[in-house]
1. I'd like the distance between the alpha-carbon centres of the range 62-77 and the range 111-160, rounded to an integer number of Å.
2. Can you give the net charge of the other residues whose Cβ lies under 9 Å from the Cβ of residue 145, counting K and R as +1 and D and E as -1?
3. Could you list 53, 76 so that the one with the fewest beta carbons within 10 Å of its beta carbon is first and the one with the most is last?
4. Assuming R0 = 30 Å, can you tell me the calculated FRET efficiency for the pair residue 124 and residue 28, based on Cβ-Cβ distance, to the nearest 0.05?
5. Estimate the FRET efficiency between residue 65 and residue 145 by the formula 1/(1 + (r/R0)^6), using the beta-carbon distance for r and 45 Å for R0, to the nearest 0.05.
6. What nm value, rounded to one decimal, do you get for the distance between residue 76 and residue 102 when each label is placed 7 Å out toward the C-beta?
7. Residue 95: net charge of surrounding residues, Cβ under 11 Å, Lys/Arg +1, Asp/Glu -1, itself excluded?
Amino acid sequence: MNILYQELVKNKMEGNWEKEDKKKEDFLPYEFIDHTADIGLVVYGSDLPEIFSHAARGMFDIIVDLEGVKERRQYSLKIKANDLEELLVVFLNELLYRYEVEGFIAKRVKVREVNGTHLVAVIYGEPRRIDQHRIKTEIKNATYHQLAIRKINQRWKAQVIFDV
């Protein structure tokens, strides 16, 4: 199990997110964490739009080799939810739906507005092509299991687990 993940779980259970390594969040937009039969992300950002953008990028980094993806198309997305955590899950699952049903791979996500109950974003990417894109892992959905979004010392940190 990832050392950071072990510390994150320990600190989260104790309610002490502030004890975590502040150096990592200064240079990593996200990192993968191991989870029994699933995979997760710890996401860092300076504000909520950055957290949501990094979470989307990290999710697609799990799914596909993003180096081969171009920004050929874009679409706008508006999401509503009851709270911030639900907003993150609904947002990521909407991106997964667009990937699965429409074959759209998001290379970049520009979150223009996010608050506790709604989000507005522009998604840049292209349709999936078997001959062009290397698919790495299938994700079924983003889950509420161990979901967390917190502000720590002027920075934001989130964790999300994906069912694979």
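1. Cα centroid of the range 62-77 versus Cα centroid of the range 111-160: 13 Å apart.
2. Taking every Cβ under 9 Å from that of residue 145, the sum is -2.
3. 76, 53
4. With R0 = 30 Å, the Cβ-Cβ based efficiency is 0.85.
5. Step by step, r from the Cβ atoms, then E = 0.95.
6. Between residue 76 and residue 102, the label points sit 1.4 nm apart.
7. Details: positive: 57, 98; negative: 94, 100, 102.
Net charge in that neighbourhood comes out at -1.
Bear in mind that the values in this text are calculations on the coordinates, not laboratory data. The structure displayed is predicted, hence computed values, not measured ones. Here the Cβ is made from the backbone with ideal geometry for all residues, glycine too, and neighbour counts use every protein chain on show.
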